[in-house]
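S.K.: My structure is below; once you've seen it, I'll send some questions.
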Amino acid sequence: MTPRRGTEHQVSRYYPVALDLRNRPCLVVGGGSVAETKVEGLLFADARVTVVSPALSERLASWATEGRITYRQRDYEASDLDGHQVVFLATDRPDVTLAVAAEARQRGLWVNAADEPKHCDFLLPSVLRRGRLQIAVSTGGASPALAARVRRDLESYFTPEYEDLLDLAAEVRCLLRASGRRADAASWRAALDGDLRRLLAEGRRGDAKARLLDRLGVTA
């Protein structure tokens, strides 16, 4: 599929999607704090990450030492694109950004360039994570700062027990499937209420599970 191209004078309407990058080769050009943030997200997604940069931040260097990323200690070369499917640009050199983006697009690769929407085929949202729960906020590149602010505002509502709530919901869902029983979407929406979060916050997981099963109408 060929990425849709736009110009800097057009307002792009992005299609939100969650990518499965497990074991997929991803290239990051740059070794500073911005590259570090991109690499962190890629490692969270279990991608295979290669970083090309003359130097690395302390954290990136530690990941390279641990073998979590492949590091090429030099300036970017066109051959660095070989074998990669997604390219992230995090360099403060506009000439490098322009060259990499052009070469990658010629090969049909997907490109993200930090703070350069005109060189992007996709944008990275501001993400709030609670375990497997991920809430992404995007302004379509109009204001990354506002996206980050909205994400911070959401932190006070989506408290840490949401991670436990998701794990519990997944466990009960598997249990129902294994027993041949099911609950419809409306029942699930009603069952996943504030009382479950309260019980989980109090460390009463057993009670929370029993309540969820009861609310779904599948208790013995």
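S.K.: Rounded to a whole number, what % of the accessible area of the chain do carbon and sulfur atoms account for, probe 1.4 Å? Before the final figure, lay out each step's value.
M.R.: Numbers: 6590 of 13270 Å².
Solvent-exposed carbon and sulfur of the chain make up 50 percent of the total.
S.K.: Please compute the contact order of the chain in relative form: average sequence separation of alpha-carbon pairs under 8 Å and at least six residues apart, divided by the residue count, as a percent.
M.R.: On the way: 287 pairs, mean separation 29.9, N = 220.
This gives 14 percent for the chain.
S.K.: Magnitude of the Cβ-charge dipole of the chain, K/R +1 and D/E -1, about the Cα centre, nearest 20 debye? If you can, show how the numbers build up before the last one.
M.R.: Values: 33 positive and 30 negative charges, 168 e Å.
Rounded to the nearest 20 debye, it is 800 debye.
S.K.: Same structure again: Using the heavy atoms of the protein chains alone and a 1.4 angstrom probe, what is the accessible area of the chain per residue in square angstrom?
M.R.: On the way: 13270 Å² over 220 residues.
Ligands and nucleic acids excluded, the figure is 60 Å² per residue.
S.K.: Given H placed on each backbone N at 1.01 Å, which residues far from Arg48 in sequence or on other chains put an amide H within less than 5 Å of it?
M.R.: Sorted by chain and number, the residues that satisfy this are Asn23, Arg24, Cys26.
S.K.: I would also like to ask the following. When you count, for each residue, the other Cβ atoms within 10 Å and take the mean per peptide, how do 44-57, 135-148 rank with the highest first?
M.R.: Details: 44-57: 18.2, 135-148: 15.0.
Those peptides, ordered most packed to least, come out 44-57, 135-148.
S.K.: Using only C-alpha positions, report the orientation-averaged shadow area of the convex hull of the chain, nm², one decimal. Walk me through the numbers before you get to the answer.
M.R.: On the way: hull surface 61.5 nm².
Computed as one quarter of the Cα hull surface, the answer is 15.4 nm².
The values are calculated or read from the model by the stated rules, or taken from the named source; none is laboratory data. Note that the structure is predicted; figures quoted are calculated from it, not measured. We place every Cβ from the backbone using ideal geometry, glycine too, and count neighbours over all the protein chains shown. Please note that ligands, DNA and RNA were not included when accessible areas were found on the heavy atoms of the full protein model with its side chains. Shrake-Rupley method; radii C 1.70, N 1.55, O 1.52, S 1.80 Å.
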